[in-house]
Amino acid sequence: MKFCVQPGGSLTGTLRVPGDKSMSHRSVMLGSLAEGVTKVSGFLEGDDALATVAAFRAMGVTIDGPDQGCLTIHGVGLAGLQAPSAVLDMGNSGTSMRLLSGILAGQSFDSVLTGDASLLRRPMGRVITPLARMGASIDSQDKGLPPLSVRGGSALQGIHYDLPMASAQVKSCVLLAGLFATGRTSVTEPAPTRDHTERMLRGFGYAVENNNGVIGLEGGGSLRGTDIDIPADISSAAFFLVGASIAPGSDLLLQHVGMNPTRTGVLTILQLMGADITVLNEREVGGEPVADLRVRSAPLRGIDIPQEEVPLAIDEFPALFIAAACAEGTTILSGAEELRVKESDRIASMAAGLTTLGINNEVRPDGIVIHGGELGAGSVETFHDHRIAMSFAMAALRARGPIDILDCDHVATSFPGFANLASEAGLGLEVIPTATSGTR
Ligand code: S3P
């Protein structure tokens, strides 16, 4: 399908975007490995998290649902997974593949992990290296690319690993493998990244320490089934935060948004740009901070994005680039080379679309310079990347003419129902089926 978005309009009303993708994956993984029943609410019924559900079902875990965001997971314990009878297909989901690698490395059975064309281009050497040091045996294709063959029966040994890049997926992979390892497994990271794995492990009664940035756990414990209420995904809320900021006359309330401090870089960056966002009703739900966010349109200015905010806003840059395109002056992003290995090369993908729409920009190896200007009409490619599609949909709010966004099927990986929710809020979005709809 493609999106055809009419120019102008504003975003108003009250809405709740779907559940957090990172927490949804982890709830299934830890719920499956726990003893007893785990009840999840607010689960994201997107293709990525559903790929994780399918993988654990294939390994013998009974999972009821999802039904309106509710899942019941009948945990099998750390030693209870069974050999899958087929290859585990992770679809578009890097989180599923990287975190599962850590879990599978600790099993007695062999397994193979594959994915769609985008996932087959994403680097897995970053998880194979530490897992091999723990004693795992994992074969990849050339240059560490998937499919991955994980050989079972390796006795894992706890290690200390200094992460070479700020990646919550690598950190989580190593810690999850550490559950199955002898002794202590610990990591340090070059900059703080999302800590949902650590928080959720504690929620399942598993001790995880963070001593001055050394994050560690002892292998061989057990997880206790629990109830998990997953808040709305701040990464999905980000499209609406940007849309309402750039569209004159907007006033939007986003409910029950996850406010984990390792995820709120998008708020800090938008506020530095002059956005009018009020954090309301702050509370804690199941070990994670949550709030409602009121966002009203405001004139934005270009900024030099602080380096320390990059890992804290890593998934929100496509949306933030649209804010930069609508800002007065120049926005500079550097230290963000990780964007090049997401679902697409997000620096190149966004630069291509911005150029099509008449926004001057200069691509750098580790970032981009965007000169705020007037968005024109045009037809942009998504490079099969959900966040590129949703970002350019919001750009139409300030464009001179319609924006056609080609190949939007992947939006369902993280944000099923985006088109309806955005239309209800005031975006002039029409979904147009195309001949290739549904193909990957
Ligand atoms: C995620 C971590 C991030 C993020 C991804 C989800 C996670 O990836 O981009 O969407 O759930 O741990 P990296 O760890 O590769 O930065």
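Could you state the number of Å between the C-alpha centres of region 78-149 and region 158-205? What the calculation gives is 16 Å, centre to centre. Within the chain, DSSP assigns beta bridges of which about 70% are antiparallel (rounded to the nearest 5). Net charge of the neighbourhood of V380, taken over other residues with C-beta under 11 Å away and scored Lys/Arg +1, Asp/Glu -1, is -2. For the chain, lysine pairs with C-alpha atoms less than 22 angstrom apart, excluding pairs fewer than eight positions apart on the same chain, total 7.
Note on E337 and T356: their simple-model spin labels are 2.9 nm apart, each label 7 Å out from Cα toward Cβ. Dividing the radius of gyration of the alpha carbons in region 151-243 by their Kirkwood radius gives 1.04 for Rg/Rh.
Placing a label point 7 Å from the Cα of A348 along the Cα-to-Cβ direction, the residues of region 117-131 with a backbone N closer than 19 Å are 117-125. Counted by Cβ distance under 10 Å from G358, the other residues give a net charge of 0, where Lys and Arg count +1 and Asp and Glu count -1.
Apply the Debye scattering formula to region 241-363, with a single equal point scatterer on each alpha-carbon and no solvent, then give log10 I(q)/I(0) at q = 0.11, 0.15 Å⁻¹. After summing over all Cα pairs, the log10 values are -0.38, -0.71.
Is region 284-440 rounded, prolate or oblate when judged by the Cα gyration tensor, a ≥ b ≥ c being the square roots of its eigenvalues, rounded requiring a/c under 1.5 and prolate requiring a/b larger than b/c? Here region 284-440 falls in the rounded category.
A simple packing score, the average count of other Cβ atoms within 10 Å per residue, orders the peptides 257-263, 282-288 as 257-263, 282-288, with the highest score first. Once the Cβ-Cβ distance of V285 and V37 is raised to the sixth power relative to R0 = 22 Å, the FRET efficiency obtained is 0.65.
A convex hull fitted to the Cα coordinates of region 362-440 yields 118 cubic angstrom per residue. When the convex hull of its Cα atoms is viewed from all sides, region 21-229 shows a mean projected area of 9.9 nm².
The label-point distance for S137 and V87, in a model that sets each label 7 Å from Cα toward Cβ, rounds to 2.1 nm. Using the average count of surrounding beta-carbon atoms within 10 Å as a protection proxy, the listed peptides 238-247, 1-10, 203-212 rank, highest first, as 238-247, 1-10, 203-212. For the chain, the mean residue ellipticity at 222 nm estimated from helices alone is -8500 deg cm²/dmol, where every DSSP H run of n ≥ 4 contributes -39500 (n - 2.57) and the total is divided by all residues, rounded to the nearest 500. Our note on the geometry: Cα centres of region 33-64 and region 212-234, 16 Å apart. Shape summary: the chain maps onto an equivalent ellipsoid whose semi-axes, from the alpha-carbon gyration tensor, are 36, 22, 21 Å in decreasing order. The residues S154, S108, when put in order of fewest to most other Cβ atoms within 10 Å, stand as S108, S154. Working note: Cα atoms of region 56-111, range along each principal axis, descending, whole Å: 33, 26, 19.
Coordinate-derived values only; no laboratory data. What you see is a predicted model, and the numbers here were worked out from it, not measured in a lab. As a convention, Cβ positions derive from the backbone with ideal geometry for all residues, glycine included, and neighbour counts pool all protein chains shown.
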